[in-house]
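First up is the structure itself, then whatever we jot down about it.
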Ligand SMILES: NC(=O)c1ccc[n+]([C@@H]2O[C@H](COP(=O)([O-])OP(=O)(O)OC[C@H]3O[C@@H](n4cnc5c(N)ncnc54)[C@H](OP(=O)(O)O)[C@@H]3O)[C@@H](O)[C@H]2O)c1
């Protein structure tokens with residue numbers, strides 16, 4: 001790599017990226033950032049109206065994007081959709097996540113299973129579907145959006161914690177198995193982000209006091225602050241990074 005153009009190595013030009021759960025929140029910011037980095041971005045979600053509005057925003061800004069409406073937990077639909085892409089997906093961001101902030105008595109086994117299905121098994125299913133196309137080209141990048149709830153636990157969040165811990169382990173397992181084909185897999189572990197879904201907590205004085213005392217930066221993460229990590233891990237700039245989790249939490253888990 002002599003005379004390397006380092007700025008070009010942060011570009012996603014010429015790549016096609018599938019971002020799951022891209023209609024709002026962190027997924028939308030990741031999709032927008034990847035489009036701005038030059039990728040053709042496929043925005044996934046279940047609501048075509050929401051996705052089309054976001055695609056229009058990107059396309060009217062001169063960027064390249066299309067809607068990818070399917071439920072990631074519906075294995076057959078997901079597989080059919082990815083087969084129809086004919087091996088063209090270079091980057092997968094497994095961002096879809098579902099929360100059930102309840103203690104053990106309020107988490108029956110059926111709910112636990114549903115949480116694993118959406119947060120973990122679906123990510124495996126999408127990765128499994130895109131992997132052959134990536135392997136055939138000898139290149140690809142998968143980024144799983146995990147959580148600080150992967151390595152650390154809080155009471156009353158049993159199913160999400162188990163699922164995100166599994167997603168971290170899945171990230172390493174995919175990295176090890178697919179790395180032989182030139183496909184990298186890494187994770188991003190967000191801390192507390194002020195997404196629409198978290199709006200009630202954003203407005204809670206108790207949660208804000210907790211974050212002020214526990215996060216060294218003393219504030220919520222803003223959704224655009226997740227995007228740099230995703231673009232970086234998907235880009236050639238991260239070409240020798242494989243099987244790692246990049247924590248984006250304002251330093252929360254670095255302090256005690
Ligand atoms: N926000 C945080 O503070 C935080 C912290 C740690 C980790 N995370 C993780 O970061 C990721 C994004 O979080 P977020 O707060 O941005 O989530 P969000 O606001 O709840 O957005 C989730 C997105 O996923 C889509 N979605 C949900 N189920 C789906 C399914 N089965 N198939 C396809 N799309 C589906 C939703 O759209 P439709 O309902 O229209 O399909 C929505 O666009 C999640 O994995 C979450 O666990 C977030």
For residue 149, indicate whether it is within 15 Å of the ligand (Cβ to nearest atom), modelled with pLDDT of 95 or more, farther than 21 Å from residue 41 by Cβ and assigned to a loop (DSSP other than H, G, I, E, B). yes
Failed condition for residue 154, given (1) assigned to a helix (DSSP H, G or I); (2) farther than 23 Å from residue 228 by Cα; (3) more than 10 Å from the ligand (Cβ to nearest atom), with all others met? (1)
For the stretch 227-251, give me each residue that is more than 18 Å from residue 171 (Cβ to Cβ), in contact with a helix residue (DSSP H, G or I) (Cβ under 6 Å, 6 or more places away or on another chain) and buried (at least 19 other Cβ atoms within 10 Å of the Cβ). 227
From 179, 250, 243, 165, residue being closer than 29 Å to residue 126 by Cα, touching a residue at least 12 places away in the same chain (Cβ under 8 Å) and either assigned to a loop (DSSP other than H, G, I, E, B) or more than 20 Å from the chain's Cα centre (by Cα) (or both): 243
Any residue at all in the stretch 2-11 that is without any contact (Cβ under 8 Å) to a residue 60 or more places away in the chain and either within 26 Å of residue 202 (Cα to Cα) or in contact with a helix residue (DSSP H, G or I) (Cβ under 7 Å, 6 or more places away or on another chain) (or both)? no
Within the stretch 186-196, is even one residue out of contact with any strand residue (DSSP E or B) (no Cβ under 7 Å at 6 or more places or on another chain), surrounded by fewer than 22 Cβ atoms within 10 Å (Cβ to Cβ) and not in a loop (DSSP other than H, G, I, E, B)? yes
Pairs under 6 Å by beta carbon, first residue over 17 Å from residue 147 (Cα atoms) and without any contact (Cβ under 8 Å) to a residue 40 or more places away in the chain in the stretch 182-209, partner in a loop (DSSP other than H, G, I, E, B) and within 8 Å of the ligand (Cβ to nearest atom), six or more apart or different chains? 202/194
Return yes or no: is residue 52 surrounded by fewer than 23 Cβ atoms within 10 Å (Cβ to Cβ), more than 14 Å from the ligand (Cβ to nearest atom) and either in contact (Cβ under 8 Å) with a residue 24 or more places away in the chain or more than 17 Å from the chain's Cα centre (by Cα) (or both)? no
Is the stretch 4-16 home to any residue that is at pLDDT 95 or above and within 16 Å of the ligand (Cβ to nearest atom)? no
Has the stretch 102-124 got at least one residue that is surrounded by fewer than 16 Cβ atoms within 10 Å (Cβ to Cβ), within 26 Å of residue 41 (Cα to Cα) and either more than 15 Å from the ligand (Cβ to nearest atom) or at pLDDT 95 or above (or both)? no
For residue 82, all conditions in the list (1) modelled with pLDDT of 95 or more; (2) touching a strand residue (DSSP E or B) at 6+ places or on another chain (Cβ under 9 Å) hold save one; what is the number of the exception? (1)
Could you please let me know if residue 137 is modelled with pLDDT of 95 or more and either out of contact with any strand residue (DSSP E or B) (no Cβ under 8 Å at 6 or more places or on another chain) or farther than 30 Å from residue 181 by Cα (or both)? yes
Filter the stretch 17-40 for residues that are surrounded by fewer than 24 Cβ atoms within 10 Å (Cβ to Cβ) and either away from the ligand (no atom under 16 Å from the Cβ) or under 18 Å from residue 134 (Cβ atoms) (or both) and give the result. 36, 37, 38, 40
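The values are calculated or read from the model by the stated rules, or taken from the named source; none is laboratory data. Just so you know, these numbers come straight off a predicted model, no measurement behind them. Every residue, glycine among them, receives a Cβ derived from its backbone with ideal geometry; neighbour counts consider all protein chains shown.
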